[in-house]
Structures are given as C-alpha cells and as structure tokens.
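Values in this text are rule-based calculations from the coordinates and carry no lab data. Only a predicted model underlies this, so the values are computations on that prediction, with no experimental measurement involved. In this analysis, Cβ positions are derived from the backbone assuming ideal geometry, glycine residues included, and neighbour counts consider all displayed protein chains.
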C-alpha cells in the first residue's frame, strides 16, 4: 500500500476513536467500549494477575465514567505538537517566501483567544441546579409536556427537575438547559457556558484553518519553485510519465514528512470540528439543545408507556406538537445563549 492509503486508514481509525469516545463516554452499559473490554478481559483474565486486572478496570472506570483531566492533557499535547511543528519548520519556510510577520502572527493570536475560551469552558459553572436556585429555575422555562413534564424529581439529587434540565451521570449533578457532557473540557455544557463552548469551537476551527492555509501555501510555493509540475518521472515499467497530483503529494511527503502529516491532521480536525460547530450553532438558532434534539428523534410518551419503544398518541397528556417549542426567533435565541437568562423570582410551587 502507498502512503496515501495508509494515511487514509489512519484518519478513519482516529475519527472512529474520537466519535466513539465522545458518543459513549459516561454511558454505563451497552456501549462498544464495555463490550470490547469485557471480551478482552474474559480472554486475558486467566493469564493476568488479579492486581493488574483491578488496576486496569479502575483506570478505565475513572476515564470513561468519572470526571477526568486526561482529555484536557491530550488536547494540550496535540495543540503543542502542531504549534511546535508550525513554529519549528513552517514559520521559517514562510518567512523565506516573503510572508509577512503580521500574517504569521495570526495563529498565535488565535491560540491565545482559544485558550481563554477553553479555560472558561473548563472552569465556569455550566448551570448546576441547586436547592437555593431551584425555585427560580422551575419558572424559567415552561414544561412542554413532551420531553419535559412537571413534578418529576431527580432520583439522585432529590430535587424537582426544571424544564430542559438533566442529571449528568459523569458530573453527578443536574444541569440547567443541559446540552451534553464534553470529555475534552471535563465539564458539562449547559445554560451558563454554551457561549464559551461555541466561541471555543469557532476559534479552534479558525486556528486549524489558518494554519492549514499557511502550510498549504508554503507547500504550493515549494512545488512551483521546484518546477515539479513540469517534470517527468520513470515508472516501474521504465516509461517516462508526467507528474500527477499523487506523485507530487508523495514527493512532498518524502521531502517534508512532518509538515505534510501536520497539514493532514489540521485539515481533518478542521472538517470534523467545523461540521460539529455548525450543527451546534444551528441548534442555538432554533433554541434546542443536543440533548433535546437527540431525545426528540425517538420521542416516546412516557406519560402512558414509560418503557414503550414505539410512538403512540397519548389521550390524557396535553402534548405540544411544536418541535422547537422554546424557539423565540433567531436573534432572541442567540441572545439567550450569549446573555443567559436569570432565574425567575421566587414563586409558590
């Protein structure tokens, strides 16, 4: 196999791992990680010491079912590798090609902005539902009686659940306007930090895109200066062949292997995160959370059949058929994210 095939396999494997980690972290049962690990444990248990088994199982439990800083360290490590390669090789080549210092300083400015929003995502309270805040939060959003019903208590927190809230099993707390739990920031994304998460995603996309453009421009300039596009090469049959994109890419990989790998990685990250950021922004515009979007796809009335797996009509519960029940128009929806609503004053409950 040529290196492009190997690199494509690498991208698919990395993407699959990222998707699985983000999709199934925090789920206790019936996820691919548990199935795979249980199978491996069954096979290797007879030849593995008991203390090593306990250590391994404890590590995995802390990693995927409890709050862990491991993905924060991984995030910092990946950013450090990309910026080290950019500063060590790409920056110098770009200066030799006449690219201004102003243009080359943009990735570092974006890094500072991204780091600020990343820190806020990690440290800011996402909107924890507490007994002190409960009275106001219960009246912040009306119950749609479709996904959220009045009078339901959280069995863990022992508090009445406000509309649009959810108990996070990883953080072990109820979150106001719960969106999802993000392992990369080791925090929930909720009413009070969705704005920081959005800005973090967009600044990260801008960072990856800017580095990709500068690196791609440097490689293109290197190809043009070398005259490689007008060259010929001898194929495996001894015949002269004009250079094609595959040959040029292979030549660049052999000449600048670290730079090409870095470029492939940042392009991959940009495509992945840009798609997710646009999806999340779309949900913001219609005032829907990821949790609500996911639940509404397979909506079942729990008023009649809590364990049912098929949609049905409820004759007793006053359903609201409007899918985007909480939407108040694009501008107001955006304002609600960037200027979060304050709990309503205390009322009799």
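A few remarks follow.
- Computed as a quarter of the hull surface, the mean projected area of the alpha carbon convex hull for segment 171-256 stands at 9.1 nm².
- You can think of it this way: the chain between residue 172 and residue 124 has 15.7 nm of extra reach, that is 0.36 nm per residue less the Cα-Cα gap.
- Spin-label model, residue 234 to residue 271: label points 7 Å out along the Cα-to-beta-carbon direction sit 3.6 nm apart.
- Pairwise Cα inverse-distance average, inverted: Kirkwood Rh of segment 150-202 (Å): 11.7
- FRET efficiency, residue 39 to residue 109 (Cβ-Cβ, R0 51 Å, nearest 0.05): 0.60
- Approximate spin-label separation residue 100-residue 217, in nm, with each point projected 7 Å along Cα-to-Cβ: 1.0
- Set of segment 248-270 residues, backbone N closer than 15 Å to the point 7 Å along the Cα-Cβ line of residue 226: 248-261
- Model label points for residue 334 and residue 78, set 7 angstrom from Cα along the Cα-to-Cβ axis, are 2.9 nm apart.
- Peptides 280-289, 246-255 ordered by average Cβ neighbours within 10 Å, highest first: 280-289, 246-255
- Calculated FRET efficiency for the pair residue 254/residue 69, C-beta based, R₀ 30 Å, to 0.05: 0.20
- In terms of its Cα atoms, segment 69-148 spans 63, 27, 25 Å along the principal axes, sorted from long to short.
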